[in-house]
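No lab work stands behind these numbers, since they all come straight from the coordinates. Being a predicted model, the structure only gives us computed values, none of them experimental. Cβ placement follows ideal geometry from the backbone for every residue including glycine, while neighbour counts extend to all protein chains displayed.
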Amino acid sequence: MNALVGVRDVTFGYPGPRAGRRFALADLSHTVERGEILGVIGPNSAGKTTLIRLLTKVVTPARGFIDLDGRPLASVSRWELARSVAVVPQDVPALLPFTVEQLVLMGRYPHGPRRFFETAADHRAAEAAMRETGVDDLASVPVTTLSGGERQRVIVARALAQEPRLLILDEPTAHLDLRYQAECVGLLRRINRERGTTVLLVSHDLNLAAEVCDRLLLLAEGSAVCVGTPVDVLDADRLSAVYRCDVTVETNAATGRPLVHVRWPDATTKGGETRSHA
């Protein structure tokens, strides 16, 4: 494998105290290999969102270097970056005054920022993205009338219309029911396998990350704790220490992937109850 993204000794701190304490990333180094699905996991305030902001030039490192396809990210213009990297945010506004097709076509803007009208190539890319995400039959439907799962797929379609090399998803299943979670997982796998798109998935759902990702990067308090395959990273003792709760890990009999359980405290019993993490 070869790296599409390289993060080397990156340090970053927000300028002022955050909720009474100062947060910083410290000497972070990792790669996103070309063609892989890399999961970024960790507790709240671990640095997951900050990493997304660094990779998309919302903020810049205080020290260290980030490379995109062998080029220093600092030398990549925002238009070039938008043609290479697409982001699916965690919270998708419901009151977007556009049809599905109009919103998906916005993903083509980085390819012609000074154009007033979309080209035939733009429409072909948008139509392909809508077909791939299963929203082509909703093209003329107002976004305001969509369900949460449909809206999420439309935002993914907009990102695919950008034709990025790297697709970053921030908690893509956070507000979805089981059916749409399953559809999202299937969609990510198809995008990765059929398009060859490199995917960076940020998720609190450890079992989702275990099933979908080739490798995991575990962050805690602004530092990389571990990076490797899901089997290597999702160790019960390590997770218990990082998340500060009682965790057990077993093997999913159907897939061979790790399956994480949290032992929930129960005031009515001595031992507590073990439940699958989701």
- Note on the structure: Going fewest to most other Cβ atoms within 10 Å around each Cβ, V225, V202 line up as V225, V202
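Percent antiparallel among DSSP beta bridges with both residues in the chain, to the nearest 5? Intermediate results must be reported in sequence, preceding the final value.
Details: 30 of 47 bridges.
The answer is about 65 percent antiparallel.
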- Counting each DSSP H run of 4 or more residues in the chain as -39500 (n - 2.57), what helix-only mean residue ellipticity at 222 nm follows after dividing by all residues, to the nearest 500 deg cm²/dmol? -8000 deg cm²/dmol
- Quick one: what are the phi-derived ³J(HN,Hα) couplings along region 199-213, Karplus 6.51/-1.76/1.60 with θ = phi - 60°, whole Hz, x for glycine and proline? 10, 10, 10, 9, 8, 7, 7, 5, 6, 4, 4, 5, 6, 8, 8
- Query: In degrees from 0 to 90, rounded to the nearest 10, what is the angle of the helix 178-190 Cα long axis to the longest principal axis of the chain?
  - Reply: 70 degrees
